[in-house]
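Visitor: Sharing a structure with you now.
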Amino acid sequence: MPISSRNFFFDWRQPRLTQELPSSMKIKDLRVHSIAMADPPLRSSYGLHQPYALRTILEIESEEGVVGIAETYGGAEPAKALLAIRERLLGNSPLRVLGLSRELLREDASGMARSQTTLVPGENPLDADARTYAALETACLDLAGKTWQVPLSDLLGGRVREKASFSAYPFYKHAGGGGQGEDSRKDEYGEALCPASLAEQAERMVGQYGFQEIKLKAGVLEPEAEIETIRELRRKFGPGVPLRIDPNCAWSIDTSVKVGLALAEELSNGGYLEDPTSGLEGMSEVRKRLLAEGVDTPLASNVSVTSFGDLPEAVGLDAVQVVLCDHHYWGGFRQVQHLAKICETFGLGLSMHSNNHLGVSMMAMVQVAVATPHLTYACDTHYPWQTERDEVVAGGRVPIAGGVIDPGHAPGLGVELDPDRLAEASELYRSIPYRKRDDEAEMRKYVDPDWKRTLPRW
């Protein structure tokens, strides 16, 4: 008897799955928590970090009381988007709702329309649906892993490496540890606004966490000063530590080429130049001119390539040799694995971008990192910039030792929420006035009242 398409395929229009499922695999509740955490006054080409960073915690609970969790970008809009899908999820399987919600991954835009060049990561409205899906996927797979008592990495095909490697991520920064007034955090690193102080900051970070690779957040000082910073890092750490630099599109094509030539040796052997200029055509021109001078430093990107729709142009122009994905705005773990296979096919390197995050997001990165074969560079992490005081994971901060994180073999993500810490972080969110990240406004408020982000700046 022929199988009709209506019987064979899932009907996306149905708000509920009709098959009977074990109670353990039915969603009873979805809870969304908007939280805040202190963030130091770090600089980038976007401006200055605000005293608090915003995050969102998602909980999905089964009828047997198992809770899957996720962490994503914060503010009013991410929370609203997750709450909007609540009713259609209740009573369904945590695995099948991923199919039910897959339209969130539709490509509404591609190419440079999706570029994050002018927006801080996580604030591009074209990524909003993918971010919602990624949070949903994380919580659902965490729930499934905890129900079946297997690590989340097993649900992604199993581990291909035992631990996930991360790089140190030093920033130029002003004095201060984040927070405000009586809520101010201890400043562990101090001011770093010159090559020598930045190198001292990196040395302290490496000493504490054992990082084996270093990426400088640049686009803040004059290019000559940032060239000298990389050279100072090379002098301090020697030839065996890969160095990378990310000015977030602050430079013109000419300046990008100038810096690339000046740092050809320092950025060799595992280094890369990330988003030196804006746009894939600009990146392509930088690449051509460097190659013409005999410099084969890879160009990396997490702002010009943020969706699958960006890849054909990026590959065709030879504009990007390393893609830095973020499972939050690429659409989740399995999208990252799809991306990894495409990158392997076209000879592109792959790493993972990070934003200000806590232990739930940290462990999510780790779980997909250990289960993704084609991961060719250490992942980014802002985790050293956040404090124990702000962590919402039970048992405290996720340990980083020797520059790696061991996910262990606990089920799901491998972490649980601390309800008291979560409540404190939620109350902190309610106490602050802003609901969206705005580095430019913060720069004008505390550093330069006339400051405006311009591309290129140099």
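No value in this document is a laboratory result; all are computed from the given coordinates. In this text the structure is predicted, and so the values were computed from the model without any measurement. Note that we place each Cβ from the backbone using ideal geometry, even for glycine, and neighbour counts take in every protein chain shown.
Visitor: Would you please state the base-10 log of I(q)/I(0) at q = 0.18, 0.21, 0.23, 0.25 1/Å for region 369-458, with intensities from the Debye formula using one equal scatterer on every alpha carbon?
Guide: Results for region 369-458 at q = 0.18, 0.21, 0.23, 0.25 Å⁻¹ read -1.04, -1.13, -1.20, -1.30.
Visitor: Looking at region 86-181, which GluC sites (Glu not before Pro) are in a loop (DSSP not H, G, I, E or B) and have at most 12 other Cβ atoms within 10 Å?
Guide: Numbers: sites: E87, E103, E107, E123, E137, E162; in loops: E107, E123, E162.
The qualifying sites are E107, E162.
Visitor: In degrees from 0 to 90, rounded to the nearest 10, what is the angle of the helix 333-345 Cα long axis to the longest principal axis of the chain?
Guide: Long axis of 333-345 versus the principal axis of the chain: about 50 degrees.
Visitor: To the nearest µm²/s, what D does Stokes-Einstein give for the chain at 10 °C and 1.306 mPa s, using the Kirkwood radius over alpha carbon pairs as Rh? Walk me through the numbers on the way to the answer.
Guide: On the way: Rh = 22.5 Å.
It comes out at roughly 70 µm²/s.
Visitor: Where the centre of each part is set by its Cα atoms, how far does region 39-83 sit from region 388-424, in angstrom?
Guide: 15
Visitor: Hey, which lysines would be in cross-link range of K217, C-alpha to C-alpha under 19 Å, not counting anything within fewer than 8 residues on its own chain?
Guide: Within the straight-line cut-off, K217 pairs with K173, K236, K258, K452.
Visitor: Which chymotrypsin sites (Phe, Trp or Tyr not before Pro) in region 253-362 sit in a loop by DSSP (not H, G, I, E or B) and have at most 15 other Cβ atoms within 10 Å of their own Cβ?
Guide: F346
Visitor: I would also like to ask the following. Nearest 10 degrees, 0 to 90: what angle lies between the long axis of helix 419-431 and the longest principal axis of the chain (Cα atoms)?
Guide: Helix 419-431 and the main axis of the chain meet at about 60 degrees.
Visitor: While we're here: On a 0 to 90° scale, report how tilted helix 195-209 is relative to the longest principal axis of the chain, with both axes built from alpha carbons and the result rounded to the nearest 10.
Guide: It is inclined by approximately 40 degrees.
Visitor: Binned at 10 Å from 0, what are the whole-percent values of the Cα-Cα distance distribution for region 132-254, short to long?
Guide: In order of increasing distance, the bins hold 11, 29, 23, 24, 11, 1 percent.
Visitor: How long are the semi-axes of the ellipsoid equivalent to region 154-413, from square roots of 5 times the Cα gyration tensor eigenvalues, in whole Å, largest first?
Guide: Details: eigenvalues 154, 126, 49 Å².
Ellipsoid semi-axes (Å, largest first): 28, 25, 16.
Visitor: Where in region 44-109 are there trypsin sites (Lys or Arg not before Pro) that are in a DSSP coil and have at most 16 other Cβ atoms within 10 angstrom of their Cβ? The partial results should precede the final answer.
Guide: Values: sites: R55, K80, R86, R88, R96, R102, R106; in loops: R106.
Sparse-neighbourhood loop trypsin sites (Lys or Arg not before Pro): R106.
Visitor: Additional query: Going down the list K80/K186; K163/K288; K186/K445, which pairs span over 29 Å between their C-alpha atoms? The partial results should precede the final answer.
Guide: On the way: K80/K186 33 Å; K163/K288 36 Å; K186/K445 22 Å.
Pairs exceeding the cut-off: K80/K186; K163/K288.
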